[in-house]
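> Got a structure for you, written out below as C-alpha cells; questions coming shortly.
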C-alpha cells in the first residue's frame, strides 16, 4: 500500500514542479499511463492464471485512485507560477533585503544584487 501513496506523491510533485508547462502535463499523463498499464496487467494476470489470481477489490479501488491521482495532478499543474519579485531569490523566494553576498543563504543560488542609492 505504500507504493500507491508514493506513486501519487511522485506524480503530484512532478506536476507541481513543472506546473504551467507541457512537461508538467506530460508528467501527469505518464502517471495515468502507468496506472492504466497496472490495471491492464491485473486483468491479464487473471486471464493467464485461469482466474485463480483475481482481486476484484483491486479493480474497484484502482479506478477511483487513478481518477484521484490524475485530477489532482492536473489541478496542481494548473497552479500559477510564483512571480519574480525584486529583492527575493528567483529560485526559492527567500527575502534578500540587506544581503551583501551574491548567493542566496537559503538555497545557494546565484543572485544579482542591486545597489541602493
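The values are calculated or read from the model by the stated rules, or taken from the named source; none is laboratory data. Worth saying up front: this structure is predicted, and the values here are computed from it rather than measured. Glycine gets a Cβ as well: all are built from the backbone with ideal geometry, and neighbour counts include every protein chain shown.
> Just checking, does the stretch 79-102 include any residue being part of a helix (DSSP H, G or I), within 20 Å of the chain's Cα centre (by Cα) and either in contact (Cβ under 8 Å) with a residue 12 or more places away in the chain or exposed (fewer than 15 other Cβ atoms within 10 Å of the Cβ) (or both)? Spell out the reasoning first.
Applying the first criterion (part of a helix (DSSP H, G or I)) to the stretch 79-102 yields none.
No; the residues of the stretch 79-102 include none that is part of a helix (DSSP H, G or I), within 20 Å of the chain's Cα centre (by Cα) and either in contact (Cβ under 8 Å) with a residue 12 or more places away in the chain or exposed (fewer than 15 other Cβ atoms within 10 Å of the Cβ) (or both).
> With respect to residue 68, determine if the residue is loosely packed, with under 13 Cβ neighbours inside 10 Å, out of contact with any helix residue (DSSP H, G or I) (no Cβ under 7 Å at 6 or more places or on another chain) and either at pLDDT 90 or above or not in a loop (DSSP other than H, G, I, E, B) (or both).
Spelling it out, residue 68 is indeed loosely packed, with under 13 Cβ neighbours inside 10 Å, out of contact with any helix residue (DSSP H, G or I) (no Cβ under 7 Å at 6 or more places or on another chain) and either at pLDDT 90 or above or not in a loop (DSSP other than H, G, I, E, B) (or both).
> Go over the candidates 53, 57 one by one and state the one that is part of a loop (DSSP other than H, G, I, E, B) and without any contact (Cβ under 8 Å) to a residue 24 or more places away in the chain.
Only one candidate passes the filter, namely 53.
> Can I ask one more? Suppose we keep only residues that are outside any helix (DSSP H, G or I) and in contact (Cβ under 8 Å) with a residue 40 or more places away in the chain within the stretch 1-20. Which one would you say is nearest to residue 72 (Cα to Cα)?
Once the filter is applied, the top-ranked residue is 19.
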